[in-house]
Amino acid sequence: MMDLWDVIVGPFTEFAFMRRALVATLALAVSAAPMGVFLTLRRMSLLGDALSHAVLPGVAVAFMLFGLSLPAMALGGVVAGLVVAAVAGVVSRATPLKEDASLAAMYLVALAVGVMLISRQGSQLDLLHILFGSALGVDAKGLLLVAGVASVSVIALAALYRGLVLEAFDPVFLAATAGRSWLRRGWIWQQIFLMLVVVNLVAGFQTLGTLMAVGLMMLPAVSARLWHDNLSAQLVNASLQAAMAGTAGLLLSYHLDTPSGPTIIGCAGVLYAVSLLISPSGWLPQVLKRPHRVG
C-alpha cells in the first residue's frame, strides 16, 4: 500500500514542478473540456483542431521578437487565432466555400508558416517545445496564465450559458427573446464563443503544445456524449475525464520519462476507448440490447 501511495502521490508531494503541472492541467480540464462539449454540440468539432494550428504563426512571430516569453507568445497566439477565425468567416460569406473548407485551408497554411518561422529563428528543441509543450516545465507565470484563463472562461461560460445553448439549439427563439438587438444576432454569440475557444487553446499550448492542446478539449467532450444526453451532465463528465487524463498522464510521464503532452492525450484516448466500449451508448450495451434469435 505504501509503495502504491508513493507512486501516485509521491511525485506531487516531493516536487514543486509536478504540483504546478497538476494545477495547470486541472485548470485546463475545468475550462477547456466544456468548450469541447459546446463545439460538439454545434457540430464544430474539427474547428478546435483548426484553431489550435492557427495560433502557431502568432506564437512564432512573438517567439522571434521576444524569445520564449510566455505572455508575448500567448498574446500572439490569441491574435493569430482570432484573425484566422474572422478571415475564414469572411471567406465563407464572400465565396461559395463553406467555413469548414476555408478553415481547413487556412490552418494548413498557418501551421506551415509557423513551423518555418520557428525553425528559422530557434532550435529543434524550441520547435518541439512549442508544438508538443511541456507540462512538467510550467513555471509560476505559466501557472498564473492558465489559472487566469480558466477562471475567466468558467465565469464567461456561466454568464453566457443560456445564450450559447439557445444559439446552438434554437437561434430563431434567441432572436425573438434576446433583450437587446445586438444579442439577437447569432454570429455575435459565435464570435464570443470562438474567442473563448482560442484563449483556452493558447493557455494550453505551454503544457500540451499547439498540436496537443485541442486533445484535452475534444476527447473528453466526445467521450462525455456517450455517457449522457443531458448537457449539464456532459459538461461535468468532460471536465472529470479531462482531470483524470491529466493526472494519470502526468504520473505516467514522470515514471516512464515520456513527453507529458502526448502522454496526457493518450490517457484521454484510453478513456474514450473505454467509453466506446461500456458507456450507455457504447458497443457492449448496444450488443446486449439486441434481441437474440431463437432457433
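The values are calculated or read from the model by the stated rules, or taken from the named source; none is laboratory data. Please read all numbers here as calculations on a predicted model, not as lab measurements. Note that we place each Cβ from the backbone using ideal geometry, even for glycine, and neighbour counts take in every protein chain shown. With ligands, DNA and RNA removed, areas are computed over all heavy atoms of the protein, side chains included. Shrake-Rupley method; radii C 1.70, N 1.55, O 1.52, S 1.80 Å.
Flag not set for residue 273, criterion: surrounded by 18 or more Cβ atoms within 10 Å (Cβ to Cβ), farther than 23 Å from residue 87 by Cα and at pLDDT 80 or above. Is it the case that residue 215 is at pLDDT below 90, within 16 Å of residue 28 (Cα to Cα) and out of contact with any strand residue (DSSP E or B) (no Cβ under 7 Å at 6 or more places or on another chain)? So residue 215 fits the description; yes. Assess whether residue 225 counts as being surrounded by fewer than 24 Cβ atoms within 10 Å (Cβ to Cβ), more than 23 Å from residue 56 (Cα to Cα), touching a helix residue (DSSP H, G or I) at 6+ places or on another chain (Cβ under 8 Å) and among the charged types (D, E, K, R). The answer is yes for residue 225. Taking the numbered list (1) modelled with pLDDT of 85 or more; (2) β-branched (Val, Ile, Thr); (3) open to solvent by 50 Å² or more (accessible area, probe 1.4 Å) in turn, residue 113 passes all entries but (1). Note on region 247-270: residues that are open to solvent by 70 Å² or more (accessible area, probe 1.4 Å) and either touching a helix residue (DSSP H, G or I) at 6+ places or on another chain (Cβ under 9 Å) or at negative phi (or both) amount to 6.
Give, as residue ranges, the helices (runs of 4 or more DSSP H) completely inside region 1-80 that count at least 2 residues that are touching a residue at least 40 places away in the same chain (Cβ under 8 Å) and open to solvent by less than 10 Å² (accessible area, probe 1.4 Å). If you could, list the steps in order and put the result at the bottom.
On the way: elements: 2-8, 10-14, 16-41, 45-54, 56-66.
Here the list reads 16-41, 45-54, 56-66.
Within region 229-246, residues that are open to solvent by 30 Å² or more (accessible area, probe 1.4 Å) sit with their Cβ atoms under 7 Å from residues that are modelled with pLDDT of 90 or more, at 6+ positions apart or across chains, in these pairs: 244/271.
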